[in-house]
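Asks: One structure, as structure tokens, below. Some questions next.
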Amino acid sequence: MLQGTIAIASGKGGTGKTTLAVNLAVACEEPVSLLDCDVEAPNAHLFLRPVWEKTVPATVPVPVFDPEKCTGCGKCRVHCRFNAVVLLNKRPEVYPELCHSCGACLQACPHAAIKEVPRETGVVAIGYSGKVRVVQGKLNVGEAQSPPVIEAVRQQAGKEKLTLIDAPPGTSCPVMAAVRGVDYLVLVTEPTPFGLNDLQLAVEMAAALQIPCGVLINRAGLGDSPVRQFCRAQGLPVLGEIKYDPRVAAIYSIGELPVRTLPEFRTQLAAFLTRLAKEVTLCSRLPSFPEKGEQARLRW
Amino acid sequence: MHIAVTATGQSLDSPVDERFGRARYILIVDPESGLVEAVDNQANVNAAQGAGLNAAQIVVEWQAEWVLTGRVGPKAFAVLKEAGIKIGLEAGGLVRETVERFQAGEFKAS
């Protein structure tokens, strides 16, 4: 049985992360938490149609200045690495959208004139779709920093033994916020030059974060990029493949789940699930994730 | 009176840098007597964010009464306004010519 926290990422966008995450959540027999961490464009709910139970704001701390205590010395401005503070007529003013909540200004202030107040940058919604607990993060329009909202989503993971994380595309800060500390990372790719290129980047990211990972080849049979050769050379397990099938796209386009209606898809997903569970169990038995350069199972 | 002109070089014969926040230099000029100081703005050229705010801060600290530049972003614009600094936009050519145009009253405060 699959257990632990499994993140699904890809490097390239549109390879099938969400499709895999929602179908996998439905295919599992046990209760499962699904965290939609693609907070700039969450879409897992379109397929799972959860009944939302509650929402909680996602906030970041930003400084406010006590005019009684502030002498206008400007140390807060000097120490702000993000240029978020300006000083006009000896009065500091913060531009909250530039603030990264590092707290340096609090440390720098010699007069304890700064305190932090929460600023809402997104919303986390929690609901259920059958036995699937769905947690969705949504970054407010106009906000630039998604990692704090992603972290707020991850804090809402339930007590279910299996947590699936639908990560955003790419390999930058939001993806790292979504996958950091998970037990296993599934990289969804497609056999195209773009898929392979971005898979390579995602594998480098996983190595840097020391997360064990395996690959699912989606739309197999489409294109002829040497994804399998790459995986073999890197010692990355290919956990399964889903054959290219336009019917999957048709089912997706009406917000339905191919795992419910397409037997071939179900068979391939079940094979993947079995292999993934085995792989995750193996990795959990490792004393700790292998040292850099001598990773026993993942020989990259 | 001091005015601030964004420039790609350190002298009055340098071209105007049309970007405000990420201008290479901010020239502090006394229109009567000439160049006062060429403030190096390299740190803001490379800043990940907040370049305009920092450049505005420089202008505020020099107590310039005008900024002459090409364009100013919304945050820097707000800071300059709040500090009571007048903004002359769509400056171009050489700094010297820009200062002459300024003295001829060709800039309207935005």
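Read the figures in this text as sums done on the coordinates, not as results from a lab. This one's a predicted model, so the numbers in the text were calculated from it and none came from an experiment. Here Cβ is always computed from backbone atoms with ideal geometry, including for glycine, and neighbour counts include all displayed protein chains.
Asks: So what are the three principal axis dimensions of region A:60-119 from its Cα atoms, in whole Å, longest to shortest?
Replies: 25, 18, 16
Asks: Taking Cβ-Cβ under 4.7 Å as the only way to count a partner, pick out the unpartnered cysteines of the protein assembly as shown.
Replies: When partners are defined as cysteine Cβ atoms under 4.7 Å apart, the protein assembly as shown leaves A:Cys28, A:Cys37, A:Cys70, A:Cys73, A:Cys80, A:Cys99, A:Cys102, A:Cys109, A:Cys173, A:Cys213, A:Cys231, A:Cys283 without one.
Asks: Using a Cα-Cα cut-off of under 28 Å, which lysines could be cross-linked to A:Lys75, ignoring same-chain neighbours fewer than 8 residues away?
Replies: By straight Cα distance, A:Lys75 reaches A:Lys90, A:Lys115, B:Lys75, B:Lys81, B:Lys86.
Asks: At what distance in nm do the modelled label points of B:Lys86 and A:Arg180 sit from each other, each positioned 7 Å from its Cα along Cα→Cβ?
Replies: Going by the 7 Å Cα→Cβ label model, 5.0 nm.
Asks: Now for a separate question. For a Förster distance of 60 Å, can you work out the FRET efficiency between the beta-carbons of A:Thr274 and B:Glu32, rounded to the nearest 0.05? Before the final figure, lay out the partial values.
Replies: Working: r = 84 Å, r/R0 = 1.39.
Plugging the Cβ-Cβ distance into 1/(1 + (r/R0)^6) gives 0.10.
Asks: What residue among A:Gln136, A:Gln145, A:Gln268 has the largest mean-square fluctuation in a Gaussian network model of chain A, using Cα springs under 10 Å?
Replies: A:Gln268
Asks: What FRET efficiency comes out for the pair A:Lys161/A:Asn89, r = Cβ-Cβ distance, R0 = 56 Å, nearest 0.05?
Replies: Working: r = 58 Å, r/R0 = 1.04.
Between A:Lys161 and A:Asn89 the formula returns 0.45.
Asks: Now for a separate question. Computed over the Cα atoms of chain A, what is the convex hull's projected area averaged over all directions, in nm²? Write down the numbers at each step before the final one.
Replies: Numbers: hull surface 71.0 nm².
With every direction weighted equally, the projected area is 17.8 nm².
Asks: Here's something else I'd like to know. So, in nm, how far is label A:Val141 from label A:Leu209 when the simple model puts each one 7 Å beyond its Cα toward the Cβ?
Replies: A separation of 3.0 nm, rounded to one decimal place.
Asks: Let me know the mean shielding of B:45-51 by other chains, meaning the per-residue number of their Cβ atoms within 10 Å of its Cβ.
Replies: Values: counts 0, 0, 3, 5, 9, 10, 1.
Mean inter-chain Cβ contacts per residue within 10 Å come to 4.
Asks: Can you give the % of DSSP beta bridges in the protein assembly as shown that are antiparallel, to the nearest 5?
Replies: Numbers: 40 of 75 bridges.
Bridges in the protein assembly as shown are about 55 percent antiparallel.
Asks: Which of B:Lys108, A:Lys138 comes first, and how do the rest follow, when ranked by fewest Cβ neighbours within 10 Å?
Replies: B:Lys108, A:Lys138
Asks: Right, next: For chain A, modelled as a GNM with alpha-carbon contacts under 10 angstrom, which of A:Ala25, A:Ala202, A:Ala112 fluctuates the most?
Replies: A:Ala112
Asks: Given Cα positions, please report Rg to Rh for region A:9-70, the hydrodynamic radius being the Kirkwood one. Before the final figure, lay out the partial values.
Replies: On the way: Rg = 18.5 Å, Rh = 15.0 Å.
My calculation puts Rg/Rh at 1.23.
Asks: Okay, moving on. 5 Å is the cut-off here: which amide hydrogens, built 1.01 Å from N in the peptide plane, fall below it relative to A:Thr192, excluding neighbours closer than 5 in sequence?
Replies: When sequence neighbours closer than 5 places are left aside, the close amide H contacts are A:Ser225.
Asks: Of A:Pro226, A:Pro191, A:Pro169, which is the most mobile in a GNM of chain A whose springs link Cα atoms less than 10 angstrom apart?
Replies: Of A:Pro226, A:Pro191, A:Pro169, the most mobile in the Gaussian network model is A:Pro226.
Asks: How about region A:37-103: which GluC sites (Glu not before Pro) there are in a DSSP loop, with at most 14 other Cβ atoms within 10 Å of their Cβ?
Replies: Values: sites: A:Glu40, A:Glu53, A:Glu68, A:Glu93, A:Glu97; in loops: A:Glu40, A:Glu68.
Taking region A:37-103 and a limit of 14 other Cβ atoms within 10 Å, the loop GluC sites (Glu not before Pro) found are A:Glu68.
Asks: Order these by the 10 Å Cβ neighbour count, fewest first: A:Arg91, A:Arg285, A:Arg154. Intermediate results must be reported in sequence, preceding the final value.
Replies: Numbers: A:Arg91 12, A:Arg285 7, A:Arg154 23.
Result, fewest neighbours first: A:Arg285, A:Arg91, A:Arg154.
Asks: For a footprinting-style exposure proxy, rank A:Lys17, B:Lys81, A:Lys75 by other Cβ within 10 Å, fewest first. All intermediate terms of the calculation are to be shown ahead of the outcome.
Replies: On the way: A:Lys17 27, B:Lys81 15, A:Lys75 19.
Lowest to highest Cβ neighbour count: B:Lys81, A:Lys75, A:Lys17.
Asks: Using a simple spin-label model with points 7 Å from Cα along the Cα→Cβ vector, what separation in nm is obtained for B:Ala109 and A:Arg232?
Replies: Simple spin-label model gives 7.5 nm for this pair.
Asks: Pulled fully out, how much extra length does the chain show between A:Cys173 and A:Lys243, if you take 0.36 nm times their separation in residues and subtract their Cα-Cα distance? Write down the numbers at each step before the final one.
Replies: Values: separation 70, 0.36 × 70 = 25.20 nm, distance 3.11 nm.
Stretched fully, the A:Cys173-A:Lys243 segment lengthens by 22.1 nm.
Asks: Taking θ as phi - 60°, what are the ³J(HN,Hα) couplings along region A:204-213 by the Karplus curve (6.51, -1.76, 1.60), each to the nearest whole Hz, with x for Gly and Pro?
Replies: Those phi angles translate into 4, 4, 4, 5, 5, 8, 6, 10, x, 9 Hz.
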